[in-house]
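S.K.: Got a structure here, written out as structure tokens. Questions coming.
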């Protein structure tokens, strides 16, 4: 009885792992001892040692050692989760040391899913896994960056090029919303809504993509879920790791601009009285430099009989490639797991980080207040090259053409933008085995994110500070706290050939944000930075804010597997949220999935070629609780009002009550196929999905504005959007032998997005241009089109004078050499022969046709080589930089030298003239690219050498990032992300993509890394 | 069995410990205001009226979009910077489309002023206080509503008209246009209420007084050609100028100087900008729009040369008229040197070689910076000189060649002469009804130059064919169509939202 229960546990590896150190005898002839280690000679504790075809066995202790009594001639089987099992037939030896090799097939790998884990082979949903090695192939600040190109259907983009500390945007399977965030839910070690730990501390990342996988997160699951598992200690020897790297960085590209002489003659063509300035300045040279990143990580982990731990400290520092920009971060992480009794397990995850970003103003919203002059990158392109940094009076120069902007060097060096971010998180859990197969887990966690922003513009920056304001300083602070308590029961039972797992739980979350800001202008001195607002003669309106959301939920899941062939999963979550409106406080999100392991059917079981074939299908509903706190209530708002020179209290109607407001719902179908060939040396996964998102929360543009509410368009659940796509991932082991191995991981994904319904079927226009362009409309939402296609004039080349070519027209007053556009007919099919705003149309679509990632890994003896390409095909880019540079009121690229003149008529560039800044197809370009994201050559010292110096492992690597980019795009980099005044918020990230303006430049790096383990 | 009980107890205990914070999910908003609990005192009514004033100083209204639109539609101010946005040029050239961005921009805000006024009037009913005391404050809201609808009805004709806060969005959102006649009747009724209950004087001209209501009644009647009523109301103001503390500001320049305008007795109602800005709330763009690009003379960072008078406006204005010097800047300062307007463009290619408006750049106050956006200007919506001109114009229509009417104009001309001691403009006398009608219109054009009045004069007097013809200041405006352009298009998106709204002729 005792033995058989032990055996059962061994057969159920997950539970068996909890019970360490059980050894017993059965009265055999020989005592065999030995050590089980992994490839790096690290002992594996808890590995199973079984006498084949018996129920007799043991486990290794925490030094990886085992002792077993066994008859000669018997066969021992050594196994451990994630490693290929080995069998050794005894021929009289008494010492058997075994090295277990990680399982190439990875089919029995355990994959973390929401509130539990499953064998990968039993997964019925669409789940991608990214392993530690991929995350750490090259140094990144944010683990999210490392996901780029690694998982099909996952699009990762920096919100501002290579800016140190720029926010990273992740989108899974397209934008499932218009106004709400399309960013996935991040869950770290079970803590919902956490920030990413730093990459070196991550064991694995699972990306849950379909509703079957995400519905357990209900109203937070519509955008997919990223589950992060941090590293845990293993019983056995103490492991100490030190990882360090240094990367030298430079801008990957620069624009070819006019020099001072060329610029002056170009300006004189526009305005003959333009006088050339005294200097010849290359502003790009002045603001760019060689930057670097350096990252040091120190960790130690290990465990005693009943306790495991992992602790790490990390220091990251980046000097940006634009002068005066840098980022610094310190991170700590500790995980402790204790097996208190054989039934009770306790654990804690602790995380803390402080980031300190010193930015330069880039990618500004270009508000009219400063003519876009608070953006050093676009200013470096625009600013007159015939001016120096200082004028004859020793003052910072102001641009000699166009809006009065400060020169970019002055802005970069004199302005201060500092952001300090603190993140702390603690999560405790208790896991108690109530009875065989039934366990109860309770977690309690708390996190806080504190952000302090300081901005300062000295009085020497005339326009950037807002024009002779005598300097401006603003401070803002926000504090977000998140409390989470979750409790769930898991029950596991074998029923004949079937296996049943049940999960039921309750969760409570509370999220609270408080913030304030204050500012002043007109300082008595520039020496205060933003630390003495009282010294400002003009006080800006201070603000403070509060919001709070509560979420309480019940959730459950049923998994039933029959005969290791048929898999069934059903999930449901019921969410109640305080921010939901009075009539819709609760929501239910169900999903179901089936899987069929065809390769386990009799007719395929013995097939030599097909080692795995599985079909998966799922359907479910998930939500996006995009309603912000208090959004459904009738409200007043304050406005600024002045009576008799004094500011007075003033309120205005903000919005009417909407008691019916509810969450957005995504209805997702997923059909997937997994195929493994030749012992899974070729593994293919194909997934097709269709996501209908309904009840989209849209500002009701159909609500008449004459109703007089401050929020002119109140939020209603009306829109619909569809995403459908195909994802393919192919992993192959091309060559594997003792000295040489070559593997290839390939992923391909395509997402088509269509706006299905808008309020009243009306077009919605959006604007992602810099404010000083004075343009209202750059993108459009239209039923039947992709969300956020480009809106503007269709350029038809240069007008050669005389009669207008059929279907074209020019702006009023245009002459030969000016721009020719398509004359768009009105609803009656009539064209008016002149270009007005009525002649705008859809002129481009930023959505890529597909994205790919290709990784090749080679190992030869102790060398390893990683080559990682990432690419995007199709998708237009709007070169807003050129809208500015070809406008006549700024410097320009050398292309302008080919402007139309009466003697140079065969050109696409109109004559030199001042023009309004217009969005037209003239500036739409193909954004396809293929990028060598990383190439890394590593060398690991042979173990006999490293042992001599007291190390377990010593590895060096040299790598390069972004060294090559193949693209036809004429701007600096086809990976663009300018959002105008939207600044990358939820709505603009969903709908106003593909614009290039003033991005912090992307960088290329050369990196040296060293990893030590002892 | 005993074991089982123990297990169950343990489960219950663990669940008990862990299920914390079971919530009813009700929201308890903090930092936001709920309408039902807001109105408790007369001060709260004033706070709600202040919301209407606050909206008036937004960029969408007098900060830029509304005021610039009516300025550009007139015959005096042309586009300067040729690269300025199309939505502005369209108004100057009369090829405005129904989706024009200027109209879209201000339409919303103008109705927000009305929404705030309606909320104040309705909210007052929730306040338990002396009715007369309440009326004195509510009367401000009636004035604000009439003031705003008066602008709208002149620009759009028939209007969607709301006089109560909206609670049913669907019902309110599907109303038809109320005929202009009826809108005018409501405006007159609102102003009559204001006239009854507003005090004779207020602590500041940014609050309407009894005289303000009378002055606006006079202008409304004048606009409608009800000259007797117009004259009567103007006369009531003039006869009581002492009681209402009204007078012509001795130095015309002081009207456009932030340092002196606060104490002036000339404005009847003004919008106060005071360098307190919150985004585009309280942001004054007029100095930027009318100022000279790259000009250094006022230390506000120059202007943008967007709205620049036609050269012939300058050329056809007598140099000896002091008001010309106050209204124009014919020189700028560049690189420390004074330069004439004929070379403005040499210093900035987006400038234009014409004299610029000086009324909003010369005296922006001590805090002005940022191209003047932090000005301390008070914009006079109506000043006493206009009341005199209304009386003169109306009286002349009632009985031509009236000496009393000449005398109102002569008061204004005397003030103009006293600025520089010149003999220009001379007193008027002995004119016929037709001659004096033309003279008053011309006097309004010069006295109130660039003060956002001209378009309304052109429209009410139907002068378009003349002033936008070949002999007009800005040259011939080929697109001007008298059957269309006296009214703006109703915003196209607003028509799409409410199919019961109709478009104006020609659009």
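The values are calculated or read from the model by the stated rules, or taken from the named source; none is laboratory data. As the structure is a computational prediction, the values presented were derived from the model and not from experiment. For neighbour counting, all protein chains shown are included, and Cβ atoms are generated from backbone atoms with ideal geometry for every residue, glycine included.
S.K.: How do the helices (runs of 4 or more DSSP H) wholly within the range A:205-295 filter down when requiring 3 or more residues that are at pLDDT below 90 and more than 14 Å from chain B (Cβ to nearest Cβ): which remain?
M.R.: Qualifying helices (runs of 4 or more DSSP H): A:211-214.
S.K.: Tell me, which helices (runs of 4 or more DSSP H) wholly within the range B:146-263 include 1 or more residues that are in the same structural domain as residue B:73 (by TED's automatic domain parsing), under 21 Å from the mean Cα position of the chain (by Cα) and at pLDDT 95 or above?
M.R.: By residue number, B:180-197.
S.K.: Check whether at least one residue in the range A:967-977 is touching a helix residue (DSSP H, G or I) at 6+ places or on another chain (Cβ under 9 Å), modelled with pLDDT under 85, under 24 Å from residue A:776 (Cα atoms) and assigned to a loop (DSSP other than H, G, I, E, B), and report yes or no.
M.R.: Checked the range A:967-977: at least one residue is touching a helix residue (DSSP H, G or I) at 6+ places or on another chain (Cβ under 9 Å), modelled with pLDDT under 85, under 24 Å from residue A:776 (Cα atoms) and assigned to a loop (DSSP other than H, G, I, E, B).
S.K.: Taking residue B:393, is it surrounded by fewer than 24 Cβ atoms within 10 Å (Cβ to Cβ) and more than 14 Å from chain A (Cβ to nearest Cβ)?
M.R.: In short, no.
S.K.: Looking at the range B:434-455, is at least one residue part of a loop (DSSP other than H, G, I, E, B) and without any contact (Cβ under 8 Å) to a residue 60 or more places away in the chain?
M.R.: The answer is no; no qualifying residue exists.
Listed here are the residues, each with its yes/no results for (1) within 12 Å of chain A (Cβ to nearest Cβ); (2) without any contact (Cβ under 8 Å) to a residue 40 or more places away in the chain; (3) closer than 30 Å to residue B:392 by Cβ.
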residue	(1), (2), (3)
B:249	no, no, yes
B:273	yes, no, no
B:300	yes, no, no
B:329	no, yes, yes
B:345	yes, yes, no
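S.K.: In the range A:763-780, what residues are farther than 30 Å from residue A:693 by Cα and assigned to a loop (DSSP other than H, G, I, E, B)?
M.R.: Once the filter is applied, which keeps residues that are farther than 30 Å from residue A:693 by Cα and assigned to a loop (DSSP other than H, G, I, E, B), the range A:763-780 yields A:770, A:774, A:775.
S.K.: Among the residues of the range B:34-46 satisfying the criterion of being surrounded by 15 or more Cβ atoms within 10 Å (Cβ to Cβ) and either at pLDDT below 65 or more than 19 Å from residue B:164 (Cβ to Cβ) (or both), which is farthest from the other protein chains (Cβ to nearest Cβ)?
M.R.: My answer is B:42.
S.K.: Next question. Checking residue A:133 against (1) without any contact (Cβ under 8 Å) to a residue 60 or more places away in the chain; (2) surrounded by fewer than 17 Cβ atoms within 10 Å (Cβ to Cβ); (3) closer than 30 Å to residue A:30 by Cα, only one condition comes out false. Which one?
M.R.: All conditions pass for residue A:133, except number (3).
S.K.: Would a scan of the range A:735-748 turn up a residue that is in contact (Cβ under 8 Å) with a residue 12 or more places away in the chain and either within 14 Å of chain B (Cβ to nearest Cβ) or more than 30 Å from residue A:672 (Cβ to Cβ) (or both)?
M.R.: The answer is yes; a qualifying residue exists.
S.K.: Another question, if that's okay. If you check residue A:658 against the conditions, is it in contact with a strand residue (DSSP E or B) (Cβ under 9 Å, 6 or more places away or on another chain), free of Cβ contacts under 8 Å to residues at least 12 places away in the same chain and either surrounded by fewer than 23 Cβ atoms within 10 Å (Cβ to Cβ) or within 30 Å of residue A:587 (Cα to Cα) (or both)?
M.R.: no
S.K.: Which one of these does residue A:800 not meet: (1) touching a residue at least 24 places away in the same chain (Cβ under 8 Å); (2) surrounded by fewer than 21 Cβ atoms within 10 Å (Cβ to Cβ); (3) in contact with a strand residue (DSSP E or B) (Cβ under 8 Å, 6 or more places away or on another chain)?
M.R.: (3)
S.K.: Sticking with this one: With the condition kept exactly as written, say whether any residue in the range A:352-362 is surrounded by 22 or more Cβ atoms within 10 Å (Cβ to Cβ) and part of a strand (DSSP E or B).
M.R.: Checked against the condition, which is being surrounded by 22 or more Cβ atoms within 10 Å (Cβ to Cβ) and part of a strand (DSSP E or B), the range A:352-362 yields at least one hit.
S.K.: What about residue A:573, is it away from chain B (no Cβ under 14 Å) and under 30 Å from residue A:479 (Cα atoms)?
M.R.: Answer is yes for this residue.
S.K.: One residue is enough: does the range A:663-683 have a residue meeting the conditions assigned to a loop (DSSP other than H, G, I, E, B), within 14 Å of chain B (Cβ to nearest Cβ) and touching a helix residue (DSSP H, G or I) at 6+ places or on another chain (Cβ under 9 Å)?
M.R.: Yes, there is a match, as at least one residue in the range A:663-683 is assigned to a loop (DSSP other than H, G, I, E, B), within 14 Å of chain B (Cβ to nearest Cβ) and touching a helix residue (DSSP H, G or I) at 6+ places or on another chain (Cβ under 9 Å).
S.K.: Shifting gears a bit: Output the residue which, of all residues in the range A:490-508 that are within 12 Å of chain B (Cβ to nearest Cβ) and buried (at least 18 other Cβ atoms within 10 Å of the Cβ), is nearest to residue A:556 (Cα to Cα).
M.R.: Only one residue tops the list, namely A:505.
S.K.: Name every residue in the range A:919-950 that is in a helix (DSSP H, G or I) and touching a strand residue (DSSP E or B) at 6+ places or on another chain (Cβ under 7 Å), in order of residue number.
M.R.: Passing the criteria: A:921, A:922, A:923, A:946.
S.K.: Here's a follow-up. Would a scan of the range A:352-369 turn up a residue that is more than 14 Å from chain B (Cβ to nearest Cβ), farther than 24 Å from residue A:140 by Cα and touching a strand residue (DSSP E or B) at 6+ places or on another chain (Cβ under 9 Å)?
M.R.: no
S.K.: Continuing with this model, one more query. Residue B:100: more than 7 Å from chain A (Cβ to nearest Cβ), within 30 Å of residue B:116 (Cα to Cα) and surrounded by 24 or more Cβ atoms within 10 Å (Cβ to Cβ), yes or no?
M.R.: Taking the combined requirement at face value, the residue satisfies it.
S.K.: Just to check your reading of the model, which residue among A:702, A:760 is part of a loop (DSSP other than H, G, I, E, B), within 14 Å of chain B (Cβ to nearest Cβ), out of contact with any strand residue (DSSP E or B) (no Cβ under 6 Å at 6 or more places or on another chain) and over 28 Å from residue A:977 (Cα atoms)?
M.R.: Of the residues listed, the single one that is part of a loop (DSSP other than H, G, I, E, B), within 14 Å of chain B (Cβ to nearest Cβ), out of contact with any strand residue (DSSP E or B) (no Cβ under 6 Å at 6 or more places or on another chain) and over 28 Å from residue A:977 (Cα atoms) is A:702.
S.K.: May I pose another question? Picking from A:806, A:783, which residue would you name as being in contact with a helix residue (DSSP H, G or I) (Cβ under 8 Å, 6 or more places away or on another chain), more than 14 Å from residue A:921 (Cβ to Cβ), in a loop (DSSP other than H, G, I, E, B) and outside the structural domain of residue A:128 (by TED's automatic domain parsing)?
M.R.: Criteria check complete, one pass: A:783.
S.K.: So if I check each of A:642, A:610, which one is farther than 18 Å from residue A:690 by Cα and either more than 14 Å from chain B (Cβ to nearest Cβ) or modelled with pLDDT of 90 or more (or both)?
M.R.: One residue alone meets the criteria, A:610.
S.K.: Would you be able to tell me the number of residues in the range A:459-478 that are away from every other protein chain (no Cβ under 14 Å), in contact (Cβ under 8 Å) with a residue 60 or more places away in the chain and surrounded by fewer than 21 Cβ atoms within 10 Å (Cβ to Cβ)?
M.R.: Within the range A:459-478, residues that are away from every other protein chain (no Cβ under 14 Å), in contact (Cβ under 8 Å) with a residue 60 or more places away in the chain and surrounded by fewer than 21 Cβ atoms within 10 Å (Cβ to Cβ) number 0.
S.K.: Let me spell it out: the conditions are (1) facing another protein chain (nearest Cβ under 7 Å); (2) touching a residue at least 40 places away in the same chain (Cβ under 8 Å), and residue B:66 meets all of them except one. Which number is the exception?
M.R.: Answer for residue B:66: the failing condition is (1).
S.K.: Here are A:456, A:409: which of them is under 30 Å from residue A:284 (Cβ atoms), assigned to a strand (DSSP E or B), more than 14 Å from chain B (Cβ to nearest Cβ) and over 26 Å from the mean Cα position of the chain (by Cα)?
M.R.: From the options A:456, A:409, the qualifying one is A:456.
S.K.: I'd like to verify a number: residues in the range A:396-445 that are closer than 25 Å to residue A:167 by Cα, touching a helix residue (DSSP H, G or I) at 6+ places or on another chain (Cβ under 7 Å) and free of Cβ contacts under 8 Å to residues at least 60 places away in the same chain, how many?
M.R.: The qualifying residues number 1.
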